[in-house]
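K.L.:
Take this structure first; my questions come after.
What follows draws every value from the coordinates through simple rules; no lab data is involved. The structure displayed is predicted, hence computed values, not measured ones. Note: ideal-geometry Cβ built from the backbone for every residue, glycine included; neighbour counts use all protein chains shown.
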Amino acid sequence: MKPTPPPILPVKRTVVPAEPELSSRAALNIVRIFVVLLIIPLLFEVASWFSASKTNLAAATVRSGMQWVLMHALTEGNRAVFLGREGWLFEQGELDRWAHATRPGNDVKADLIKLAARLKAQDTPLMVVAIPDRITIYPEQIRPGRFLDVVRMKDEAGRLAELKAAGIDVMDMTEALWEFRDRQPVFFPHDSHWTPEAMKGVALAVNRHIQEKFPRLSSTDTPVINATILGHSDAGDLARRLDPLHAAGMMGVETADLVSIQGIEPDENSPIVLHGGELMRVYDDARLSFGGGGDPPNAGFVTQLSTLVGRPLDVRDLPRANESYEDKKLVIILLPMAELVP
């Protein structure tokens, strides 16, 4: 039988092509592709629940690859982290603060002055130990040059003077840590926290100050302790903010040798109160850089100062309103300079 010829359009006198037909095989292939396109993102989402960050792995992988290109080709960080010289990382917020781009105010200075007045009424001294920023100690990692002295914010001297005028015993550790950096590192290149060596140096300085001004609060007895050396490594919190997925592979890891001391546990009945935030807890809290590893770790500033003073401390977070200091003989606040001069 002869095939039926295609119809001819009378107006144009041309052949009209037949309507395309989708074969069953082609339809099945389209369905398969559609199902695969649905399953792949679903698998990424399911897998992300087993990762530490609980993020979408597909997006994290793309970001990680783009960050590698930005870092190695353009020497750029991201919105949260600035890539300095020699691989140093800095928080963008810290740079904005120094450039006066964003200077949100706070009530820390006023609250400290109020607290000092309240403690003075019960004859309890207040000591503030001010810890400088990373930029203050390592300005050459932001701007090349040879710096002969620390780089301070212009508001620092005034804020510290106001605290001293209010009767607060202020220990500004900036100059001491600037000199200390010639012997030991003060901060990590890829982490926002201080090194164990700098932490111990500050603890020694605070202990000497206590012995000179408040000798009755120091114990002359040698406490019975059990010390263990812990070797910890971490990519650094700034490196993880730069690349949450492959921070260690991109930036490497940093190591810290910690001394875990068992035998002097915090005691809320201690006459000495120690207030602090992350700098105080960095080598104890497993959620922070280099934290954990012991049971409990007891390798942070609290343990160092307690061992030197020879007695337990009443350890608290940064001061809150209407906090009780009944029967306390000394209140110490370990305070980053960025909190005092925002």
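K.L.:
Starting from the 7 Å offset along Cα-to-Cβ, what nm value, one decimal, do you get for the label separation of GLU339 and VAL253?
P.N.:
Result: 3.0 nm between the two label points.
K.L.:
Moving on. Sort 156-169, 329-342 by the packing proxy (mean of other Cβ within 10 Å over each peptide's residues), most packed first.
P.N.:
Most protected by this proxy first, the peptides run 329-342, 156-169.
K.L.:
Hand me the trypsin sites (Lys or Arg not before Pro) from region 222-292 located in a DSSP loop with no more than 11 other Cβ atoms within 10 Å, in residue order please. Please list the in-between numbers first.
P.N.:
On the way: sites: ARG240, ARG241, ARG281, ARG287; in loops: ARG287.
When the trypsin sites (Lys or Arg not before Pro) of region 222-292 are filtered for loop state and at most 11 Cβ neighbours within 10 Å, ARG287 remain.
K.L.:
Can you give me the C-alpha center-to-center distance between region 309-342 and region 91-136, rounded to a whole angstrom?
P.N.:
With region 309-342 and region 91-136 each reduced to a Cα centre, they are spaced 13 Å.
K.L.:
Just round it to a whole percent: the fraction of Cα-Cα distances in region 170-220 exceeding 18 Å.
P.N.:
On the way: 495 of 1275 pairs.
That fraction is 39 percent.
K.L.:
Given axes a ≥ b ≥ c from the Cα gyration tensor, I'd like to know whether region 86-129 is rounded (a/c under 1.5), prolate (a/b larger than b/c) or oblate.
P.N.:
The shape class here is oblate.
K.L.:
Please give the length that would be gained between ASP96 and GLU323 if that part of the chain were fully extended, namely 0.36 nm times their separation in residues minus their C-alpha to C-alpha distance (nm, one decimal).
P.N.:
78.4 nm
K.L.:
What ranking of TYR325, TYR138, TYR283 emerges when the number of other C-beta atoms within 10 Å of each C-beta is taken as an exposure proxy, fewest first?
P.N.:
On the way: TYR325 17, TYR138 22, TYR283 31.
Listing TYR325, TYR138, TYR283 from fewest to most nearby Cβ atoms yields TYR325, TYR138, TYR283.
K.L.:
Further question: Sorted from largest down, give the three principal axis spans of the alpha carbons of region 180-329, whole angstrom values.
P.N.:
Rounded to whole Å, the extents work out to 51, 35, 32 Å.
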